[in-house]
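Input: a single structure, listed below in structure tokens.
No lab work stands behind these numbers, since they all come straight from the coordinates. If you're wondering where the values come from, they're calculated on a predicted model, not measured in any experiment. Because the Cβ atoms are built from the backbone with ideal geometry, glycine has one as well, and the counts that use them run over all protein chains shown.
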Amino acid sequence: MNILNTVIKYIFLAAAGSFCNFILFAQQLDDTIRIREIEITSTLPVEKAVADPMEITRSVIAQQAGTNLTDLLSRHSSVYIRSTGRGTLATAAFRGTDGSHTRIFWNDLEINSAMNGQVDLSLIPVFCLDKIDIYHGGNSLACGSGALGGTLNLASKPDWSGKNGFSLVQELASFHTYNLMFKAGISAGKWYSNTRLFYNYSKNDYKYNNGFVIPARTARIQNGSYNRYGMLQELYCRLNADNLLSFRIWLQHSARNLPPVASYEGNGRIERQDDQSCRATVAWEKYYSRGLVTINSGLSLTGLAYVLRSEKLNYTFYNAESNEFGLFNSVEHKHYLSERTIIRSQLRLNVQQADMYELVNIAGYKGYRHVASLMSSMYRTFGSSTTAWLLIRQEVADRKMLPVMPSAGVEYNIPGNTGLVIKSNISRNFKKPDLNDLYWVPGGNPLLKPEKGLSADLSLAFNNKLGAFDLSLKTGGFYANIYDWILWKPTAYHYWVAENIQHVITRGLESHLYIKAAFSGFGFSLSGNYTYTRTTSEKDDVLRPRIDNRQLTYIPVHSGNGALSFVYGDYFINYNLEYTGARLTQTGDEITDYEIILNPFLLSDVVAGTDVRILNQEFFIQIAARNLFDREYQMIYCRPMPGRNYSISIGYKF
Amino acid sequence: MRKIKLRIKRFFLGSVAACFLFTACEPDPVKIKGPSFHGSAGVFILNEGSFMGENASLSFYDYRNKVVFNQVFFTANKVPLGDVAQSMTFCEEKGFIVVNNSAKIWCINADDAIITGIITGLESPRNMLIVNERKAFVSDLYARKIYVVDPNELVVTGSIETDNHSGRYHQHSAEQMVLVDNKIFAACWSFDNMILVIDEQTDCVTDSIVVTKQPNSMVVDSNEDLWILSDGGFPGSSYGVEIPALARINTATYEIEKEFRFPSVDQSPDNLCINNSGDTLYFLNTGVYKMSVYAESLPTVPFISTYGRQFYSLGIDPASSDIYVADAVDYQQEGIIYRYRADLQLTDSFRVGIIPGDFYFTEK
């Protein structure tokens, strides 16, 4: 314990020193151009060892620009997506955890709802993103706390090539779906402006086989239409080679109807949800000879309106509104003590407020959250092959000090130019209860404890060049113990109460493969992800002892995806596979023969495209066929997903 | 006990094929024949399933042979029951299952659970009260009216407006209904405190009785008095909260003759039942409580304690006065039915579907 205290003390002293350095450097702003130093800092091997995120490449993001984040992640990452249907709520879950255990940042601004802890991925257009980094398990502590599963870092980036660029893309897709996307990037000296506008409409009336009514029939999704529009404006200013100012604002409106359950045969209810959001960040990045200081301030305003009504009766059954306000500030300092040692410190100060009100039954609450989070870390390379790091995060939330959140790891490059790297990480993380858990009426529980996660990773990576092929292979195991998992528990009073109930152990394997080759004018790449996840409840009930090895609901044991891509000149064709294994839909002390288990499914997509020059103007065309073999599948029971569907995109750029 | 388990297991094995069909998205070549209950004495157990889960189901327990049949409805009809099976009632050989969030009422043959028809065109049906072969009433959570239906033709023939035009709390959406001397007493439970009195002949609301907030269940005793159990609402409700109460109402004068207050506002009693002779009340208040209709105070000690179980519903066998109490466990897995004799001896316990919420006994 004494050793731990000493280490913590050392780290915080280093953090304090680091912030002092920042203050000193902030007072010495000058116009000196230090390009060489910047290059060095971006390529230090120790930097790579810090968090080891999995990155979704820019080309994949560009090809999927017309989709939302749900489709992109399910086809190109090991993140498991739970979706109730096309265009409806979708959440991301890592390693057998819940959607609220995934933290999502947009340009360093946390966008998880303060009320339920989740992000609806169906509302995030890929078109607005340039970079996606995925942090698994304990590595995510480098970004923030609470990510017991992992973290997604979404970012938009400037293009400093000095060129202006405009593009206009029109996409037509099945189910009366229309996408319009406009992007204008303008460079003017030290300024760069990027404007993105998008509009998306879908009647979303896809056919499915409805076996939930008699007689079973082919039906169309009712009341499933949606439309979204928004804009993202980015403005960057390179004051000089050492200072970068950036300003981003993302405005979005989404209106969607929510389809009823497939067995519904009533008079026709209208269920509708409108989401509006305004998110803005201002950031200043100050580079200096031995490091970088970033100051970021962000504002998030979101509103949600939900209505359930009958047109026939002209009556509203449920009419709820919620609003969230968040102010997020961070200061981060990365300092290279030497080429072998980095210290990184981060201070976050966040204020959030949420209120929810239901007008018919007159119920609601107002909740606040104030968080101060200090992180300090040190990374050091030993010899030519070993890097180790230690990270400490300390957080005060609503005037309560959370226990220390440490993370430690090591990376060892097996000598002999083998390309083999062994990595390991252990960490302790805490997730605070969300405001709904604390204050919802009825059932919110202000006495909830934070959920605690203890996790460990061990992986082996191989990166090498074999002839014309660049090969990257990574496989590893993970193990996490999550205590005090918050669940809403039914009570004798006929309403549910949030309680720290569950002790869950999740463990498994993750593998990632990437092969790339380029011949004269011909390019080829193959990528794949496979995840094996076992997530079990470990808490005994007094009367009903748990059954060993019972997988928690809606978590597949096996899941994976793959992408095969060929490029020749201006032409490309991709073939994507997505596999999701069987999923249980109910818990149980006994495995019964008549319970509902969702079938596994394998989906195939083909996307092909080319650039075309007509009258010296540059166009591009892209055609996609998704769910190529018309598989019937459900992510959530009784929520049929679309069969084979097509899209065609035509774009003009100059 | 071992014998029951063996039989249950045998039935489960026989149901495997049905389960595959149930879980599959593709047509299953296996031919499935529904089990026949013809001549069986037993109890139907209606399993609500979880909201938006589409996993409601129907079970049948043959207590003479101690055999449980689960997924009876699906096995017989090859279609899931729907989303939130709220209640069930019978009219001779016809069974009616009200599926709340699917907004329909299945009509089944009581002998084999085969579907014979369906009533649609509803909003959010909750309970069905059959008056005779040609007339029944269906309460509804959202419609603010009680539908009049023809159980023979399976069509909606009319409706009774119950809206008080308050604009708040959906008042008066009806819940449970009982019939006494051509008068329907309808409990308005959700954010309400009213018992509506409806003339069964004219389909008009003729009177109303104010009771403690949120009357959730009613029975009629051997003296034709109406017993009403109110849960009082929940803490934090903008509608307010009251101490729960059990009240006795004279069905001729509508006078509240007795009212027993529970000890605390934190309690939430429900599931009021009565035995066949109409002289003993049972209800849930975490545990199972029993009291005589002539008692002068509420029982203070549970008749059946929970011991950590989540008692969700209660049924009293009219023929034997056996007590069936359902444990919803965690509301996400198959519930457990505990069958007690009137002398409190536990005779059986068995697994049924998710959230067992209603019982119907075939022998009276």
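Among the trypsin sites (Lys or Arg not before Pro) in region A:396-444, those placed in a DSSP loop whose Cβ has at most 11 other Cβ atoms within 10 Å are A:399.
Dipole orientation for region A:2-653: of the candidates A:523, A:349, A:266, A:523 has the Cα lying most toward the positive pole (charges on Cβ; Lys, Arg +1; Asp, Glu -1). For chain B, the dipole from Cβ point charges (+1 on Lys and Arg, -1 on Asp and Glu) about the Cα centre works out to 1540 debye, to the nearest 20. Residue by residue, region A:376-386 carries 3J(HN,Hα) couplings of 9, 8, 9, 10, 9, 9, 10, x, 9, 9, 10 Hz when phi is fed to the Karplus relation 6.51 cos²θ - 1.76 cosθ + 1.60 (θ = phi - 60°); x denotes Gly or Pro.
Look at the dipole of region A:2-653 built from charges on Cβ: of A:187, A:477, A:218, the Cα furthest out on the positive end belongs to A:187. Shape class for region B:248-364, computed from the alpha carbon gyration tensor (a ≥ b ≥ c): prolate, with a/c not under 1.5 and a/b above b/c. Distance from the Cα centroid of region A:180-217 to that of region A:422-459 is 33 Å (rounded to whole angstrom).
Model label points for residue A:319 and residue A:398, set 7 angstrom from Cα along the Cα-to-Cβ axis, are 3.0 nm apart. Residue by residue, region B:282-299 carries 3J(HN,Hα) couplings of 10, 7, 9, 8, 6, x, 9, 10, 9, 8, 6, 5, 9, 5, 9, 7, 6, x Hz when phi is fed to the Karplus relation 6.51 cos²θ - 1.76 cosθ + 1.60 (θ = phi - 60°); x denotes Gly or Pro.
If the limit is 26 Å between Cα atoms, which of B:94/B:258; A:452/A:489; B:104/B:135; B:94/B:290; A:312/A:366 go over it? List each step's numbers first, then the result.
On the way: B:94/B:258 37 Å; A:452/A:489 19 Å; B:104/B:135 17 Å; B:94/B:290 32 Å; A:312/A:366 34 Å.
Result: B:94/B:258; B:94/B:290; A:312/A:366 exceed 26 Å.
Against chain B, whose longest principal axis is taken from its Cα atoms, helix B:2-23 shows a tilt of about 90°.
About the Cα centre, and with charges only on the beta carbon of Lys, Arg (+1) and Asp, Glu (-1), how big is the dipole of chain A? Nearest 20 debye, please.
Working: 64 positive and 57 negative charges, 92 e Å.
It comes to approximately 440 debye.
Inter-chain Cβ neighbour count for B:322-334, averaged per residue, equals 4 (cutoff 10 Å, partner chain atoms only). Residues whose amide H comes within less than 5 Å of that of residue B:251, counting only those at least five positions distant or on another chain, are B:226 (H built at 1.01 Å from N in the peptide plane).
Over chain B, with a Gaussian network built from C-alpha contacts below 10 Å, which listed residue (B:67, B:180, B:211) shows the highest mean-square fluctuation? Sorting by GNM fluctuation, first place goes to B:180. The slack between residue A:233 and residue A:299, meaning 0.36 nm per residue of separation minus the straight C-alpha distance, is 22.3 nm. Residues A:520, A:193, A:161 in ascending order of nearby Cβ atoms (within 10 Å, fewest first): A:520, A:161, A:193. Comparing A:240, A:178, A:230 along the charge dipole axis of region A:175-292, the residue lying farthest to the positive side is A:240, per the Cβ-charge model. Listed cross-link partners A:157/A:431; A:423/A:516; A:157/A:183 are compared with a 19 Å cut-off, the Cα-Cα value being larger for A:157/A:431; A:423/A:516. Listed from fewest to most Cβ neighbours within 10 Å, the set B:242, A:578 follows the order B:242, A:578.
Of the candidates B:47, B:216, B:77, which one comes out as most mobile in a Gaussian network treatment of chain B with C-alpha springs shorter than 10 Å? Among B:47, B:216, B:77, the largest mean-square fluctuation in the Gaussian network model of chain B belongs to B:77. The ranking of A:163, A:653 by Cβ neighbour count inside 10 Å, starting from the fewest, reads A:163, A:653.
Working ranking of peptides A:469-476, B:252-259, B:226-233 by packing, defined as the average number of other Cβ atoms within 10 Å per residue, highest first, is B:226-233, A:469-476, B:252-259.
Compute the Cα gyration tensor for region A:2-653, then decide on rounded, prolate or oblate, letting a ≥ b ≥ c be the square roots of its eigenvalues: rounded whenever a/c is under 1.5, prolate when a/b is larger than b/c in the other cases, and oblate in all that remain.
Numbers: a/c = 1.39, a/b = 1.16, b/c = 1.20.
Cα axes put region A:2-653 in the rounded bin.
In order along region A:292-309, the phi-based Karplus estimate (6.51 cos²θ - 1.76 cosθ + 1.60, θ = phi - 60°) of 3J(HN,Hα) comes to 8, 10, 10, 10, 10, 10, x, 10, 9, 10, 10, x, 9, 10, 10, 9, 10, 8 Hz; Gly and Pro are listed as x.
Proximity of backbone amide H atoms, modeled 1.01 Å from N, is registered between residue B:159 and B:148 at under 5 Å, excluding neighbours fewer than 5 places apart on the same chain. Between residue A:253 and residue A:184, residue separation times 0.36 nm minus the direct Cα-Cα distance comes to 22.8 nm. The mean number of Cβ atoms from other chains found within 10 Å of a Cβ in peptide A:307-317 is 3, as a whole number. Report, in order of residue number, the helices in chain A meeting two criteria: a C-alpha extent of 30 Å or more along the helix axis, and a mean Kyte-Doolittle hydropathy of at least -0.5; treat each whole DSSP H run as one helix. Counting only whole DSSP H runs, the qualifying helices are A:2-26.
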